[in-house]
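A quick write-up on the structure given underneath.
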Amino acid sequence: GAIIAINKSDLLPPEKFHEIKNILSERLKFLDWAPLVFISALTGNGISKIFPEIEKIIKWQGYKAKTNNLNNFFKQVINKRTPPNKMKFKYIAQVAPKPPTFVIKTNYPDEVQASYKRYIVNSIRKKYLFYGNPIFITFKK
């Protein structure tokens with residue numbers, strides 16, 4: 001899991017926080033799942049917000065979705081946005097909780113487009129959250 005902690009927030013006017021969040025969202029797209037906390041080591045402001053975030057991240061690290069529920073959900077995801085070409089998905093299984101890692105069986109594992117993989121990851125995150133944790137997916141034949 002990860003938390004993005006922005007130090008020296010005591011030097012920023014409050015109206016700049018939103019602007020900085022937007023800049024970081026753009027530059028750190030690969031960490032869009034990580035919570036953002038503004039802190040000041042000098043004043044201690046915001047430090048107390050880090051520990052509840054850590055607790056939430058740890059809680060979701062240990063979460064393992066039930067395979068049956070996961071597959072029912074995955075069918076809905078596939079039906080909502082049909083896979084490209086003649087690709088067929090057989091099933092999905094969560095093979096590890098720390099970090100959340102999934103294996104998806106498909107007939108063309110090397111041809112899953114990045115955009116479709118992102119769609120699946122975003123769908124899983126929307127349903128199961130996995131707060132503050134990356135989600136890894138592997139496609140296998």
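The values are calculated or read from the model by the stated rules, or taken from the named source; none is laboratory data. Computed from a predicted model, the values in this text were never measured in an experiment. Ideal geometry is used to build each Cβ from the backbone, glycine not excepted, and the neighbour counts take in all protein chains shown. Accessible surface areas use protein heavy atoms only, side chains included; no ligands, DNA or RNA. Shrake-Rupley method; radii C 1.70, N 1.55, O 1.52, S 1.80 Å.
Quick notes on this one:
- Residues of region 41-66 classified as more than 19 Å from the chain's Cα centre (by Cα) and on the phi < 0 side of the Ramachandran plot, total: 8
- Any hit, region 17-28, residues being in contact with a Phe, Trp or Tyr (Cβ under 9 Å, 6 or more places away or on another chain), of a type in the set (Phe, Trp, Tyr) and more than 23 Å from Val121 (Cβ to Cβ): yes
- Only one entry in Tyr91, Tyr128, Tyr119 is within 11 Å of the chain's Cα centre (by Cα), on the phi < 0 side of the Ramachandran plot and among the hydroxyl-bearing types (Ser, Thr, Tyr), namely Tyr128.
- Elements of type strands (runs of 3 or more DSSP E) contained in region 54-141, each with 3 or more residues being open to solvent by less than 40 Å² (accessible area, probe 1.4 Å): 89-96, 101-106
- Of all residues in region 74-98, none that is touching a residue at least 24 places away in the same chain (Cβ under 8 Å) has its Cβ atom under 9 Å from the Cβ atom of a residue that is surrounded by fewer than 11 Cβ atoms within 10 Å (Cβ to Cβ) and among the acidic types (Asp, Glu), 6 or more apart or on another chain.
- None of Ala2, Ala41 is open to solvent by 60 Å² or more (accessible area, probe 1.4 Å) and outside any helix (DSSP H, G or I) except Ala41.
- Where a residue in region 36-47 is within 16 Å of Pro13 (Cα to Cα) and small (Gly, Ala, Ser) and its partner, wherever it lies, is open to solvent by less than 60 Å² (accessible area, probe 1.4 Å) and part of a loop (DSSP other than H, G, I, E, B), with Cβ under 6 Å and at least six apart: Gly46/Ile39
- Identity of the residue in region 5-16, open to solvent by 50 Å² or more (accessible area, probe 1.4 Å) and not in a loop (DSSP other than H, G, I, E, B), that ends up nearest to Val121 (Cα to Cα): Ala5
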